[in-house]
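The values are calculated or read from the model by the stated rules, or taken from the named source; none is laboratory data. Since the structure is predicted, the reported quantities are computational estimates derived from the model, not experimental observations. When we count neighbours, we look across all protein chains shown, and the Cβ atoms used for this are built from the backbone with ideal geometry, even at glycine.
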Amino acid sequence: MRRSLLVAAGAVASLLIAPTAQAADCDSDVVLIRGSSASQKLIEAVAKVAATQNVKIVYSSSGSSCLGGVYEAVTPTTTTTGRAGSASTIYDVNAPTATCTFSTPRVADIGVSDVYAPACEGVAGLSTTTLPADVTDTLGPVQAFTLAVNDDPSFPVAISSEAAFNTFGIVGRNGDASFGVTPWTTVADIFGRKLDSGTWQTWARSLGLPPQKPVTDAQQKSGAKDVLAALDTSNRASAIGIIALNDIVPTNGVAPKVRPLAFRAKGQDFAYYPSSTSTASDMINVRDGHYAVWANLHFFARKTNGSHSPKVAKVLELLESKEAVSVVAKTRAVPTCAMQVQRTTDAGDFSAYKAEKPCGCFFEQEASGVAPASCTTCTDDSACGANGQCVFGFCEAK
Amino acid sequence: MFKLKALFLTALLAVSTVALVACDDDGSNKVNGGDTFNPGGGTDAGNEPGNNPDGGSDTTDGGCPNKPAGCFCGTPTTQAQWLNRCTNSAALPVNLTVKPATTADIP
């Protein structure tokens, strides 16, 4: 069942990213989204739903959270493509994939980031990281970030915060080799990201490293694909890289030859995977606070006269729709409705969280192919008792 | 009068017994009292996931799985309690040799 879902998801993804058959002109009604490349699969999901409600989405990946998502929020710039030098992807129910150019330059409607805006402080090209008063920050699905190694059974399966601190903060910066932690002692095999990466920003804060000091320049990769390629080609026990978990989800049934390490955070007694085991996809340890390295996607949107435009409001509303939750679950991200903890700053402490419409059962069904045995199906609230409610076909607590 | 007193004592004994076997979830004994940065008893980071090294039983009390060893079984109020709550997930010991470092050691 799980395999068929992955194959189906892969097929859908292939359709969405297939080479374009024709160029299209953007009309004035599209919602232009720009920012974190890690958000692309979610945007695809939302776009498919939005298209059925007469809202077209144009998405442009800038490759980073700070210079895409936050930049658009604090320093909006006009463009004809959404990204200088490249066409954007336009999602239309009748033409799922087509390149798009604007006849009139315009600014992005929504900027997407892996981190809160202030986390981008010090990134060159940003004049400020303070959101203007008319820009809102809507929290989207949670992404887990991992430390990945080559998939060899003889390689370690777990790492601690202290070991990662030394590896990425000292050895990875050509520092004192005596701080090296076996087997990650070779600087050439330690792969990080650039300063403007939300993945790096999240890891730095989680490890207590100065965010402005990533690994040495030669080891900074431009994107997740570069980190994966570096790990794949190194094929050594000493190789390790930082990456978002959804970047190593099998695509078209093919999984990268790397795997995530279980992580033991500062103050934690044991290491945990994002899900309950290395092979599970329930993401329970992210959802309940056992896995500490995660962040919400942030959707920055400008209001005019106190309100979002109806189409922007619709897109924000669809982030937690049943259809979006379904697709998000298959990418190893977690919609906020399935979370049991929350945080209000990057890598900040947890507090309890319960969504108004919790969706844990539906999430696990979509992520794993089967709902937990403890979940009860329903068609309306009457089946769920006085303290329950029917959410996406399952009884959840009110 | 005697019957009434006996009934009262029997009820008191029953309540006490229930209290003794119930889950202690007040939080006082839940977080590993040792050094959380270097917990003892770890064997090797190479343990297979799923081989939970808790050494305890799978008995649940009040919905708390009682694993891994030293886990927190109450309502968390601190970050350490959230991170160390009892869980059915695979909990892996980490036994890497790490030289203590601070931000002053970062070049």
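Scanning region B:89-107 for residues that are facing chain A (nearest Cβ under 7 Å) and of a type outside the set (V, I, T) gives B:S89, B:A90, B:A91, B:L92, B:P93, B:L96, B:K99, B:A101, B:D105, B:P107.
Do the conditions hold for B:N47, that is, is it more than 8 Å from chain A (Cβ to nearest Cβ), part of a loop (DSSP other than H, G, I, E, B), surrounded by 14 or more Cβ atoms within 10 Å (Cβ to Cβ) and modelled with pLDDT under 50? Considered against the rule, which asks whether it is more than 8 Å from chain A (Cβ to nearest Cβ), part of a loop (DSSP other than H, G, I, E, B), surrounded by 14 or more Cβ atoms within 10 Å (Cβ to Cβ) and modelled with pLDDT under 50, B:N47 comes out as no.
Per-residue answers, yes or no, for (1) out of contact with any His (no Cβ under 8 Å at 6 or more places or on another chain); (2) assigned by TED's automatic domain parsing to the domain that holds A:G68; (3) surrounded by fewer than 20 Cβ atoms within 10 Å (Cβ to Cβ); (4) not in a helix (DSSP H, G or I):
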| position | (1), (2), (3), (4) |
| --- | --- |
| A:A188 | yes, no, yes, no |
| A:W203 | yes, no, no, no |
| A:S206 | yes, no, no, no |
| A:V215 | yes, no, no, yes |
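Looking only at residues in region B:79-88 that are in a loop (DSSP other than H, G, I, E, B) and closer than 25 Å to A:G348 by Cβ, which one is farthest from the other protein chains (Cβ to nearest Cβ)? It comes out as B:C86. Among all residues of region A:217-240, there is at least one that is over 30 Å from A:F299 (Cα atoms), within 24 Å of the chain's Cα centre (by Cα), assigned to a loop (DSSP other than H, G, I, E, B) and among the small types (G, A, S). For region A:268-280, give me each residue that is closer than 15 Å to A:E364 by Cβ and at the interface with another protein chain (Cβ under 7 Å from one of its Cβ atoms). Residues satisfying the conditions are A:S276, A:T277. Of all residue pairs spaced 6 or more apart or on separate chains, those with beta-carbon atoms under 6 Å, a first member in region B:91-105 that is modelled with pLDDT of 95 or more and a second member that is surrounded by fewer than 22 Cβ atoms within 10 Å (Cβ to Cβ) and in a helix (DSSP H, G or I) are B:V98/A:E162; B:K99/A:F179; B:A101/A:F179.
Of the residues that make up region A:339-347, is at least one aliphatic (A, V, I, L, M), surrounded by fewer than 14 Cβ atoms within 10 Å (Cβ to Cβ) and touching a Lys or Arg at 6+ places or on another chain (Cβ under 9 Å)? Scanning region A:339-347, I find no residue that is aliphatic (A, V, I, L, M), surrounded by fewer than 14 Cβ atoms within 10 Å (Cβ to Cβ) and touching a Lys or Arg at 6+ places or on another chain (Cβ under 9 Å), so the answer is no. Criterion applied to A:A265, A:A229, A:A255 was being on the phi < 0 side of the Ramachandran plot, within 14 Å of chain B (Cβ to nearest Cβ) and among the aliphatic types (A, V, I, L, M), and the one residue passing it is A:A265. Residues in region A:286-301: is at least one more than 14 Å from chain B (Cβ to nearest Cβ), in a loop (DSSP other than H, G, I, E, B) and more than 30 Å from B:A80 (Cα to Cα)? For region A:286-301, residues more than 14 Å from chain B (Cβ to nearest Cβ), in a loop (DSSP other than H, G, I, E, B) and more than 30 Å from B:A80 (Cα to Cα): absent. Here the condition is being small (G, A, S) and either in the same structural domain as A:D114 (by TED's automatic domain parsing) or touching a residue at least 24 places away in the same chain (Cβ under 8 Å) (or both); of A:A383, A:A292, it holds for A:A292 alone.
Whether a residue is modelled with pLDDT of 65 or more, closer than 30 Å to A:A371 by Cα and not charged (D, E, K, R) was assessed, and A:A73 does not pass this test. Determine which member of the set A:A158, A:A163 is crowded, with 24+ Cβ neighbours inside 10 Å and in contact (Cβ under 8 Å) with a residue 40 or more places away in the chain. Going through A:A158, A:A163 in turn, just one is crowded, with 24+ Cβ neighbours inside 10 Å and in contact (Cβ under 8 Å) with a residue 40 or more places away in the chain: A:A158.
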